[in-house]
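Working notes, structure below.
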Amino acid sequence: MNETGIRIEIQGTVQGVGFRPWVWRLARENGIAGRVSNDSRGVTIDAFGRESAIESFLLGIRTSPPPAAEIRAVESRPIPPEPGREFVIVSSRETEGLRVSLPPDMATCDACLSEIFDPGDRRYRYAFTNCTNCGPRFTIAEAVPYDRPATTMSSFPMCPDCRREYEDPADRRFHAQPNACPVCGPRLSLLSASATGARAAVGEPVRGADPIDGAAAILLGGGTVAIKGLGGFHLACDARSSRAVDLLRRRKRREEKPFAVMVRTIEEAEKLAILSDDERALLSSRERPIVLVVRREDSRLAPEVAPDNPFVGLMLAYTPLHHLLLEAAGRPLVMTSGNLSEEPIACGNAEALARLGRLADGFLVHDREIASRCDDSVARVVAGGPMLMRRSRGWVPREVPVAVPFAEPVLACGAHLKNTFAIGLGSSAYLGPHIGDLENLETLGAFEDAVARMEKFLRVEAKIIAHDLHPEYASTDYARRRDGRRIAVQHHHAHVASAMAEHGIAGRAIGVAYDGTGYGTDGTAWGGEILVADFGEFERIATWRPVPLAGGEAAIREPWRVALALLEDAFPEGAPTDRLPLFDRLGPRAVAVVRKLVAERIHTPLARGVGRYFDGFGALFLGRPFARHEGQVALAWNVAANPDERRAYAYAITRSQTPWELDLRPTVRAAVADFLAGAPPATISGRFHETVAAATAALVHHAVETRGDLPVVLTGGCFQNSLLAERSLDHLGRSGIAALLQRRVPTGDGGIALGQAVVAAARCAKGSAAAGGVNVHELVASGGE
């Protein structure tokens, strides 16, 4: 019998997902001797047996890994045979390696749920039940390799029963690092708060009540509970109670931005929203993101959950604690980030008591520390597939493979809004968790902590630092304070490069980058860009006619100013403001002041952002002069559209200059004529979307005709608009152009760091950090999507 030996090295998400016991069982099935271990690169297997058995064993590894595993690479090489007939799982070992195989947090599996709700099980109603197929991972890890001593579970020694499970390769809890039970694991507490003048001191245990039942009683009484989850705190209230939701809004200082709602099961989600098969699959996925879906009219959700918005952000319970609380409450719960608006999510117990003490009527906490903040992910279904809008819990720190490996580690600092950073390393990029808008010291501190933690996991300290071209972004300032080679990357080039990297495009591509604002190489605000790009450089083929922003950022908060500027530009003979109801609400003096600012270009920068056009049209034809949160009016304009309207308005393209310029003044005039003739906003919005899609296709055709038949990507925050994305794909598809949307990486500013990383790497490879004729002027209207 000829014996042979092979060493197999596996990279990807292969730790903390039951990979080693699965390998152990596969080895036994094939009569393989040897060993398997974790290390800082992933999983290493030394296998010995007959050649045919080795081939079968290797085929099984490649084709049928555990459900939660993601294999990125399998490398094998011969090694000398060793005597012995046993296959063993050995302790993790340290090796020189650069890749992390730490898995993301995973939703509670069905087997664990059955135990939690089985009165005869020793884990009945235990809020920290998990196994190798589910439970916390990234948020409890403090170092790699991912073993219990390197997690926040290290302070909970396992009892004999849990230890037996942990050491039995045939048990689904074999080496489940968070394994615990009521005897030995973390415990819940219900603590008092001060929001309504509780009699007990803030943070004191509430006596005489089961923590979950006590928290449910607060919720059913119309109160708010701060709940310690996987990656931070939630603020929860009764999603059916207008009074409770309004109270939470006032406390959180969140005027109209929608709240997420959590339910236990997909059947309960069906009662609240109209779900497609794709949406059901996304809601039920192991990542359990918040999914934007159409709310049912008879859902009984409080209108204040998502004011004037037909969508609701739904998510299914993803921890035992959530399942138990929802069962006790017996109704849907608002489950929003535990913070004041613009602050980072609270993470530790003491921090939450200090920051959320006046927002909550009780605290449902536990004594397992959270090592890494990680907010909920957000997704929706666009053009028949899932699209990540916020990539965080459930996905982080899962790597994104890239077609061109990084020669040196790169840290990309991301954008100013919806910030997420990235580290490029080897053949992968690692995106950090969602940080949010870098508007204050607290959020900037959370950003810096998250960067340091990811560098620790990856065992690198990047010396190539990529950042946005905007000189006043907080992420740019952070880059300046880092040692190393700093490379400024133009905002829309980064958007296009992010989409190219996600889709494995290594050469040139045509990129459509539509968002609200991004700093251009000429010091002005871009946002309606058609680029021909590779990772190292780009050419600006076409753009949109600029909109004057009277008052700079004030025009973003007050989009009626954008509407007036569009009218003034489209009607040089005099805009018919006296016949448009929007301006009746503002008064002649305010209109006259802004008209003067626009005419004389006083504190009125020009912006080419497509998002500003959505703002202006929405304000004008919906009568919405003000935005209470970023993108509110643009979303309302999208929602208002009649999806069956397929007539486009006229538009013009100025071909006498480089780049070409899309001119929507004919669109403005035609839309105003429709409105004055009595056309409803739904018709005008439908035609507006059709116009933008048709014009985009025309600009892309110009790029194809002049630069060749290249791949086409659609990127930027505007393509989170499902109607715009679908219409654009349709118009391009009719002429044989199969454009690509971003799916696994956010198309908005939450995905821009990936593009920054690959651009910086390409520039370093070429020996140049130039951004391409940069003239850095102060940009008054800063911002993101």
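Overview of results
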{"quantity": "The chain - share of DSSP beta bridges that are antiparallel (%, nearest 5)", "calculated": "75 percent"}
{"quantity": "Stokes-Einstein translational diffusion, the chain - Kirkwood Rh over all Cα pairs, 1.002 mPa s, 20 °C, in µm²/s", "calculated": "77 µm²/s"}
{"quantity": "Proximal charge balance of Gly414 [Cβ under 9 Å; K/R count +1, D/E count -1]", "calculated": "-1"}
{"quantity": "Helical mean residue ellipticity (222 nm; -39500 (n - 2.57) per DSSP H run of 4+; nearest 500) of the chain", "calculated": "-9500 deg cm²/dmol"}
{"quantity": "Cα-centre dipole for the chain with unit charges at Cβ (Lys and Arg positive, Asp and Glu negative), debye to 20", "calculated": "560 debye"}
{"quantity": "Kirkwood-based Rg to Rh ratio, the range 313-455, C-alpha trace", "calculated": "1.00"}
{"quantity": "Stokes-Einstein translational diffusion, the range 504-546 - Kirkwood Rh over all Cα pairs, 1.567 mPa s, 4 °C, in µm²/s", "calculated": "118 µm²/s"}
{"quantity": "Long-range HN-HN contacts of Gly432 with modeled amide H, under 5 Å", "calculated": "Phe421, Ala422, Ile423"}
{"quantity": "Two-decimal Rg to Rh for the range 212-291 - Kirkwood Rh, Cα set", "calculated": "0.98"}
{"quantity": "Ordering of 750-759, 5-14 by packing [mean C-beta count within 10 Å, highest first]", "calculated": "750-759, 5-14"}
{"quantity": "With Cα atoms, 0 to 90° folded angle of helix 560-570 axis to the chain main axis", "calculated": "50 degrees"}
{"quantity": "Cα centroid separation, the range 545-589 to the range 654-731 (Å)", "calculated": "21 Å"}
{"quantity": "Rounded D (µm²/s) - the range 432-510, Kirkwood Rh over Cα pairs, Stokes-Einstein at 25 °C, 0.890 mPa s", "calculated": "174 µm²/s"}
{"quantity": "Folded to 0 to 90 degrees: helix 242-252 orientation relative to the chain principal axis, Cα", "calculated": "90 degrees"}
{"quantity": "Point-to-point label distance, Glu553-Glu297, nm (Cα→Cβ direction, 7 Å offset)", "calculated": "4.1 nm"}
{"quantity": "Pairwise centroid distance, computed over Cα atoms, of the range 438-482 with the range 318-379, Å", "calculated": "26 Å"}
{"quantity": "Karplus-derived 3J(HN,Hα), 6.51/-1.76/1.60, for each residue of the range 229-234, Hz, glycine and proline x", "calculated": "x, 6, x, x, 8, 9"}
{"quantity": "Relative contact order (%) - criterion: Cα under 8 Å, at least six apart; region: the range 149-220", "calculated": "21 percent"}
{"quantity": "The chain: Cys lacking any partner C-beta under 4.7 angstrom", "calculated": "Cys112, Cys131, Cys162, Cys181, Cys237, Cys347, Cys374, Cys413, Cys718, Cys764"}
{"quantity": "Among 571-580, 254-263, the order from most to least packed when residues are scored by Cβ within 10 Å on average", "calculated": "254-263, 571-580"}
{"quantity": "Label point distance in nm, Glu270-Ala592, each placed 7 Å from Cα along Cα→Cβ", "calculated": "6.2 nm"}
{"quantity": "Per principal axis, descending, Cα span of the range 472-540 in whole Å", "calculated": "34, 25, 18"}
{"quantity": "Relative contact order (%) - the chain, alpha-carbon pairs under 8 angstrom, separation at least six", "calculated": "12 percent"}
{"quantity": "Degrees between helix 681-707 axis and first principal axis of the chain (Cα, 0 to 90, nearest 10)", "calculated": "80 degrees"}
{"quantity": "Distance in nm between pseudo-label sites at Ala407 and Ala350 (7 Å out along the Cβ direction from Cα)", "calculated": "4.7 nm"}
{"quantity": "Contour excess over end-to-end distance, with Cα ends at Thr658 and Asp477 and 0.36 nm allotted per residue", "calculated": "61.9 nm"}
{"quantity": "Histogram of C-alpha separations across the range 670-731, 10 Å bin width, %", "calculated": "20, 41, 28, 10, 1"}
{"quantity": "Solvent-free Debye scattering, log10 I(q)/I(0), computed from the Cα coordinates of the range 25-69 at q = 0.26 Å⁻¹", "calculated": "-1.03"}
{"quantity": "Derived scalar couplings ³J(HN,Hα) [the range 713-719; Karplus, 6.51 cos²θ - 1.76 cosθ + 1.60; whole Hz; x for Gly, Pro]", "calculated": "10, 10, 8, x, x, 5, 7"}
{"quantity": "Within the accessible area of the chain (1.4 Å probe), percent carbon and sulfur", "calculated": "49 percent"}
{"quantity": "Cα-based convex hull volume of the range 300-353 per residue, rounded to whole Å³", "calculated": "127 Å³"}
{"quantity": "Residues whose placed amide H lies under 5 Å from that of Val382, excluding near-sequence neighbours", "calculated": "Met387"}
{"quantity": "Relative contact order of the range 361-489, defined on C-alpha pairs under 8 angstrom at six or more residues apart (%)", "calculated": "20 percent"}
{"quantity": "Karplus-derived 3J(HN,Hα), 6.51/-1.76/1.60, for each residue of the range 746-761, Hz, glycine and proline x", "calculated": "x, 6, x, 5, x, x, 5, 4, 4, x, 4, 5, 6, 5, 4, 4"}
{"quantity": "Distance violations [Cα-Cα > 29 Å] among Lys228/Lys463; Lys418/Lys463; Lys252/Lys418; Lys228/Lys271", "calculated": "Lys228/Lys463"}
{"quantity": "Rg in Å to one decimal, and Dmax rounded to a whole Å, for the range 223-351 via C-alpha atoms", "calculated": "13.8, 42"}
{"quantity": "Alpha-carbon centroid distance for the pair the range 107-127 / the range 207-235, whole angstrom", "calculated": "20 Å"}
{"quantity": "Residues of the range 276-412: accessible area per residue with a 1.4 Å probe, Å²", "calculated": "32 Å²"}
{"quantity": "Packing-based order for 116-124, 740-748, 509-517, using average beta carbon neighbours within 10 Å, highest first", "calculated": "509-517, 740-748, 116-124"}
{"quantity": "Sites Cys184 and Ala599, calculated FRET efficiency, Cβ-Cβ separation with R0 51 Å, nearest 0.05", "calculated": "0.10"}
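The values are calculated or read from the model by the stated rules, or taken from the named source; none is laboratory data. As the structure is a computational prediction, the values presented were derived from the model and not from experiment. All Cβ positions, even for glycine, are placed from backbone atoms using ideal geometry, and neighbour counts span all protein chains on display. Accessible surface areas use protein heavy atoms only, side chains included; no ligands, DNA or RNA. Shrake-Rupley method; radii C 1.70, N 1.55, O 1.52, S 1.80 Å.
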